[in-house]
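What follows is a set of notes on a single structure, which appears directly below.
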Amino acid sequence: MSINNNRHFKTLELDKILERLGEYTSCEDARRAADELEPQTSLETAKALMNQTRDAHMLLARFGGPSFGGLKNISNSLRRADAGSVLSMRELLDIAAVLRVIRGLEQWRSTNAGVETILDVFFGSLSPNKFLEDTINNAIMSEDEMSDNASPALYDIRRKIRVQESRVREQLDKLTHSQKYSKFLQESIITMRNGRFVVPVKNEHRNEVPGLVHDTSSSGATIFIEPMPVVEANNEIKVLQSKEREEIERILFEISATAGSFADNIIASYECAVELNVIFAKAHLAYSMNASVPELNNRGIINLRAARHPLIDKKSVVCVDISLGEDFDTLVITGPNTGGKTVSIKTIGLLTLMAMCGLMIPVNDQSSVSVFENILADIGDEQSIEQSLSTFSSHITNIIDIIEQANSRSLVLFDELGAGTDLVEGSALAMSVLETLNKKGAKIAATTHYAELKAYALETDRVENGCCEFDVKTLRPTYRLLIGVPGRSNAFAISERLGMDSQTVNRARELVSMENIRFEDVVDKLEANRLELEKSRNEAQELKGQVISELEKAKELRSAAQAVRDKELENAKSQALRITEQAKREAYNLMQELDKLKKERDKTKDAAELARRARATIKHSIEAIDAASDPVVECIESDDEYVLPRPLIIGDNVIIGELGRQATVLSLPDKNEMVEVQAGVLKTRVKLQGLRLIEGSSNKKQTDKKRNVSTVESRLNMNVQTKLDLRGLMVEECLLELDRFIDSSLRSGLNEFTIVHGKGTGALRAAVQKYLKGCPYVKSFRLGAFGEGESGVTIVQLK
């Protein structure tokens, strides 16, 4: 189906869309290909074209488009070169420009190779030729000038020409400034005539300067003479210039022959580049129209969601929802003039043709378009003076042609079907035409003013009414297409609003038949119900949106509160740990000082006992600090319905709800329901309702207070070490580390650990065992057995 020979396509203005498509191309061949684009009747072919546009649209969005500037049809030049002709420098530069574009396209795809597309077939067919491109660019500077570096011979010839020209200028310069000849010259300059260096001599002194006359000024006052001393040098320059031309011709022949040898590959790559240019032009057009990819089918089903006519200004176009072919095969659209009926059926036809050409169409997602064998349209006034046809006759001629061509794979569009003749006969003819096309299985969209066709659509299976909405209050059409609702003429309402007297309007109403009045009343009720339902639906959608918005806000507030709670809890943990670690460091420093004093001064047992008690006091202080800075993992949420499972007894372990801390019951509740509890070193009184009992955790049977482990200690137990390696340390360092390890083991509830001191000279082992003998916390110790490290380790058991 060629657009140039198809009046139906021109009626639907496909040619204007293709003209806009051509504006996005970069070369004449691509523009011509865009103008000659034809709708495809094969579903597979149409899908293939659409998928190409889709992938180009995606690449354009992700990476931007490739550059096609410089593409030019060089097929003729390459074919002549292949046949042995010598190409001009302009033709060779055009070949180099095309090679640059081909290389740029291949590099662009290689750079953006993160995703596979259907277009990779075209990109893979490109054959860059950097060798030929560089050969041309290095040899030719412009269409009129060849580079000196094109060949060594050309470089040498031009060097000799420059040397000869310099000598000639030197001799002529001496002549023009000499006392003997300067007075005979018109001006003291050197110029050229016929490619030879000359000087301007006054006509009356022409015989005073020996040489060859080459030219005369227009006034005859000046003779241009080539002095005899430079004739031979000028002759030499002429010979060299002849050699230069021959060398340039040889270079052009050589480059042309090279280009001709690559003719087939370059032409094939050029054709692929042109095809890619058209495809990316489709993608650019889709962006300009905010278009999307429809789902294609061959079942005659059209479902356009928020369709926009692409030739109407985007700021003023009204979106319409159009369906055809699924629930009904014929759509009869009614309504007032200038209400948008013609635009609606043109939108159906034009968007269908665009999709069949592989163009994305201005609709919302999830739209579908069918591929038809032919699209037939009778739209507009086609009165022909030459053929002596009236408007009605012209329409009938078109209708006859459409009926002959139509089949089950046809889309038929009628504007004002049956108009231009008697109302009764026109409406009857219109119904007959629709019935004939229905029997052939064609899909039809028709506009009309006939009330009979509205009734026909209501009574006939697979035929549906539609109308273009009109606001009587403002006397303006809304251009919205409503399917399932017959339209009204609104003539009486419009007349009244424009000021016609009510008596005339009422008389007009009386003249309308009762059947028409009843029909219009039914239409009025349908329209009122539709507006009410649409209003209710809009309100429901608005409420739904508000509920969703409030729900999202609530979720955000909850998340923010949880984040603040977690942050504050984490800050509290960090602060407690810092306090604990600081206290530990100070206590350990104090113990080191005590150990140092003990080693430096040989005190009495009473002094040693005093130091031991001081260390025990410090350890007890560390435990108290740990208990006071116990970082609670999670606060206990208040539960107003919580009831203690049994009465509290002294020694029960409970959770203080407000603090989230574990504590021990020290006294039973008094008359005010207050209970004394101890949390670490802190004793306090809290309300009975704020306590949560920890089942099976009474402290009555715990007799060994030294082995009681706090919450922080239980956390530290996860990193408890059972082996202390002292190898490589000095004796003083070893004893200090051993003292720290024993302290950590006691606080962690560790009963036994291993000291690795090595065998060596035995001095370290002796110092360790001596220390263990005097340590009040060590129950026993022994050397390791076979498999435990033997004399290289000491196994210690704590009390």
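Output the strands (runs of 3 or more DSSP E) that fall wholly within the stretch 708-799 and possess 1 or more residues being open to solvent by less than 10 Å² (accessible area, probe 1.4 Å) and at pLDDT 85 or above, or say none.
Strands (runs of 3 or more DSSP E) meeting the threshold: 752-756, 793-798.
Filter the stretch 646-662 for residues that are in contact with a Ser or Thr (Cβ under 8 Å, 6 or more places away or on another chain) and assigned to a strand (DSSP E or B); which is most open to solvent (accessible area, probe 1.4 Å)?
Gln662
Does Val505 satisfy the criteria of being surrounded by 14 or more Cβ atoms within 10 Å (Cβ to Cβ), assigned to a helix (DSSP H, G or I) and at pLDDT below 75?
no
Just the residues that are touching a strand residue (DSSP E or B) at 6+ places or on another chain (Cβ under 6 Å) and over 12 Å from Gly195 (Cα atoms), please, taken from the stretch 216-229.
Once the filter is applied, which keeps residues that are touching a strand residue (DSSP E or B) at 6+ places or on another chain (Cβ under 6 Å) and over 12 Å from Gly195 (Cα atoms), the stretch 216-229 yields Thr216, Thr222, Ile223, Phe224, Ile225, Pro227, Met228.
Which of the residues belonging to the stretch 40-54 are among the polar types (S, T, N, Q) and closer than 21 Å to Ile375 by Cα?
Gln40, Thr41, Ser42, Thr45
Would you tally the residues in the stretch 81-104 being farther than 15 Å from Ile267 by Cα and either part of a helix (DSSP H, G or I) or open to solvent by less than 10 Å² (accessible area, probe 1.4 Å) (or both)?
Result for the stretch 81-104: 5.
Give me the residue from the stretch 130-179 that is hydroxyl-bearing (Ser, Thr, Tyr) and assigned to a helix (DSSP H, G or I) and, out of that set, least open to solvent (accessible area, probe 1.4 Å).
Thr176
Any residue in the stretch 673-693 that is touching a strand residue (DSSP E or B) at 6+ places or on another chain (Cβ under 7 Å), among the hydrophobic types (A, V, I, L, M, F, W, C) and at pLDDT below 70?
No, because not a single residue in the stretch 673-693 is touching a strand residue (DSSP E or B) at 6+ places or on another chain (Cβ under 7 Å), among the hydrophobic types (A, V, I, L, M, F, W, C) and at pLDDT below 70.
Just the residues that are hydrophobic (A, V, I, L, M, F, W, C) and open to solvent by 50 Å² or more (accessible area, probe 1.4 Å), please, taken from the stretch 28-74.
Scanning the stretch 28-74 gives Met58, Ala61, Phe63.
Quick one: would you say Gly70 is within 18 Å of Ile140 (Cα to Cα) and outside any helix (DSSP H, G or I)?
The answer is yes for Gly70.
With the structure loaded, tell me whether Ser67 is polar (S, T, N, Q) and more than 22 Å from the chain's Cα centre (by Cα) or whether it fails that test.
no
Say whether the condition of being surrounded by 18 or more Cβ atoms within 10 Å (Cβ to Cβ), of a type in the set (Phe, Trp, Tyr) and closer than 19 Å to Ala446 by Cβ is met by at least one residue in the stretch 274-286.
The answer is no, given that none of the residues of the stretch 274-286 is surrounded by 18 or more Cβ atoms within 10 Å (Cβ to Cβ), of a type in the set (Phe, Trp, Tyr) and closer than 19 Å to Ala446 by Cβ.
Hey, Phe122 hits all of (1) part of a helix (DSSP H, G or I); (2) more than 36 Å from the chain's Cα centre (by Cα) but one; which does it fall short on?
(2) is the only condition that Phe122 fails.
Glu552 - would you say it is at pLDDT 80 or above, open to solvent by 100 Å² or more (accessible area, probe 1.4 Å) and within 40 Å of the chain's Cα centre (by Cα)?
For Glu552, the condition - at pLDDT 80 or above, open to solvent by 100 Å² or more (accessible area, probe 1.4 Å) and within 40 Å of the chain's Cα centre (by Cα) - is not met.
In the stretch 35-59, how many are in contact (Cβ under 8 Å) with a residue 60 or more places away in the chain and more than 18 Å from Met354 (Cβ to Cβ)?
1
Of all residues being free of Cβ contacts under 8 Å to residues at least 40 places away in the same chain, within 19 Å of His177 (Cβ to Cβ) and among the hydrophobic types (A, V, I, L, M, F, W, C) in the stretch 206-234, which is most open to solvent (accessible area, probe 1.4 Å)? Just the residue, please.
Going through the qualifying residues, I end up with Met228.
Given the criteria part of a loop (DSSP other than H, G, I, E, B), at pLDDT below 95 and open to solvent by 30 Å² or more (accessible area, probe 1.4 Å), does Thr338 qualify?
Yes: the conditions hold for Thr338.
Tell me which residues, restricted to the stretch 235-273, are under 30 Å from Glu36 (Cβ atoms), surrounded by fewer than 19 Cβ atoms within 10 Å (Cβ to Cβ) and of a type in the set (A, V, I, L, M).
Matches in the stretch 235-273: Ile267, Ala268.
Could you list, in sequence order, all residues of the stretch 670-694 that are in contact with a helix residue (DSSP H, G or I) (Cβ under 7 Å, 6 or more places away or on another chain) and open to solvent by 50 Å² or more (accessible area, probe 1.4 Å)?
Within the stretch 670-694, Glu673, Val681, Leu682 qualify.
Restricting attention to the stretch 302-322, and to residues there that are out of contact with any Lys or Arg (no Cβ under 9 Å at 6 or more places or on another chain) and open to solvent by 10 Å² or more (accessible area, probe 1.4 Å), which single residue is nearest to Glu44 (Cα to Cα)?
Asn303
The values are calculated or read from the model by the stated rules, or taken from the named source; none is laboratory data. All figures in this text were calculated on a predicted structure; none of them were measured in a lab. Glycine gets a Cβ as well: all are built from the backbone with ideal geometry, and neighbour counts include every protein chain shown. Keep in mind that these areas ignore ligands, DNA and RNA; they rest on the heavy atoms of the full protein, side chains included. Shrake-Rupley method; radii C 1.70, N 1.55, O 1.52, S 1.80 Å.
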